[in-house]
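The values are calculated or read from the model by the stated rules, or taken from the named source; none is laboratory data. Keep in mind the model is a prediction, meaning the values are calculated, not measured. Glycine also receives a Cβ, built like all others from the backbone with ideal geometry; neighbour counts cover every protein chain displayed.
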Amino acid sequence: MGSNKGDKVLFLRKAVQEIADDSKCKIELNSSIYETIPYGIKEQDNFLNAVIKISTLYNLTELFSFLKSIETKLGRLGGAKWGPREIDLDILFFNEIIYSDGKITVPHKEIEYRDFVLTPLCEIAPNLSHPVLNQKISDICIDKKDMTIIGKIKDKLL
C-alpha cells in the first residue's frame, strides 16, 4: 500500500482499518511504514509505503474489487500511472496463484525491482517464495542505484 497525497499516514491507517473491519478479512501481520522517493514520475511528493498480510474469504477478483472500493471511498479518483494518489492498494501475492487477466496480475508485476515493496514484505514474510521467480523474498536483491527507500518513519499502521 502507498500514499503520497494529504495525510499519508492517515490514509494508510484508514485503508488498514477498512480491511480489518470487513468480516471476510483478517489482518495477520503488518510492516513498518517506509518513506520512499517516487517511482516512475519523479516530480511529486515522497510516498509512504507498507505491506500487510491478510487472510480472506474473498477470491482473487472479489478481493481486487473490495480493495478498489476502499481506494474510491478514501478519495482516490484515478490519475496518471505512477502519479500522486491518496491511497494505492495492490495485491502482491494471493497464495501460490499465478494469474493475469488484464486487470489483475499476481504476483504483482516487477516486485523484484521495487525496494519499497520488497523491504516491507521481507520484514513480515522473508521466507515467502515468489512462485514465478522461485526465490525467497529475502533472496531477491535490488541494485543500489534503483533503491527508493529513504527510511522507516516512527508512525505505525496499527
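Considering only residues that are of a type in the set (D, E, K, R) and over 14 Å from the mean Cα position of the chain (by Cα), look in the stretch 15-43 and name the one that is surrounded by the most Cβ atoms within 10 Å (Cβ to Cβ).
First, the residues of the stretch 15-43 that are of a type in the set (D, E, K, R): 18, 21-22, 24, 26, 28, 35, 42-43.
Filter once more, so that each one left must be over 14 Å from the mean Cα position of the chain (by Cα): 18, 21-22, 24, 26, 28, 42-43.
Working: GLU18: 19, ASP21: 8, ASP22: 15, LYS24: 13, LYS26: 13, GLU28: 11, LYS42: 8, GLU43: 7.
In this case the residue turns out to be GLU18.
Given LEU74, LEU128, which one is surrounded by 19 or more Cβ atoms within 10 Å (Cβ to Cβ) and over 14 Å from the mean Cα position of the chain (by Cα)? Before you say what the answer is, go through the steps one by one.
On the way: LEU128 fails: surrounded by 19 or more Cβ atoms within 10 Å (Cβ to Cβ).
The match here is LEU74.
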Residues within the stretch 1-25 that are hydrophobic (A, V, I, L, M, F, W, C), closer than 23 Å to CYS122 by Cα and out of contact with any helix residue (DSSP H, G or I) (no Cβ under 8 Å at 6 or more places or on another chain), tallied: 5
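Within the group GLU43, GLU62, GLU28, which residue is without any contact (Cβ under 8 Å) to a residue 60 or more places away in the chain, of a type in the set (Asp, Glu) and under 21 Å from ILE124 (Cβ atoms)?
Residue meeting the stated conditions: GLU28.
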Among the candidates THR105, THR148, residue that is of a type in the set (Ser, Thr, Tyr) and either crowded, with 17+ Cβ neighbours inside 10 Å or at positive phi (or both): THR148
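Could you tell me whether the stretch 45-52 includes any residue that is surrounded by 18 or more Cβ atoms within 10 Å (Cβ to Cβ) and of a type in the set (D, E, K, R)?
Of the stretch 45-52, the ones surrounded by 18 or more Cβ atoms within 10 Å (Cβ to Cβ) are 47-52.
With the extra rule that they be of a type in the set (D, E, K, R), the set shrinks to none.
Checked the stretch 45-52: no residue is surrounded by 18 or more Cβ atoms within 10 Å (Cβ to Cβ) and of a type in the set (D, E, K, R).
Take TYR58 and tell me if it is among the aromatic types (Phe, Trp, Tyr) and at pLDDT 95 or above. Talk me through it step by step, then tell me what you get.
Details: among the aromatic types (Phe, Trp, Tyr): yes; at pLDDT 95 or above: yes.
It is true that TYR58 is among the aromatic types (Phe, Trp, Tyr) and at pLDDT 95 or above.
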Some residue of the stretch 81-100 being among the small types (Gly, Ala, Ser) and either surrounded by 14 or more Cβ atoms within 10 Å (Cβ to Cβ) or within 22 Å of VAL9 (Cα to Cα) (or both): yes
Positions within the stretch 57-71 being among the hydroxyl-bearing types (Ser, Thr, Tyr) and buried (at least 16 other Cβ atoms within 10 Å of the Cβ), in sequence order: TYR58
Of the criteria (1) among the charged types (D, E, K, R); (2) assigned to a helix (DSSP H, G or I); (3) surrounded by 18 or more Cβ atoms within 10 Å (Cβ to Cβ), which one GLU112 fails: (3)
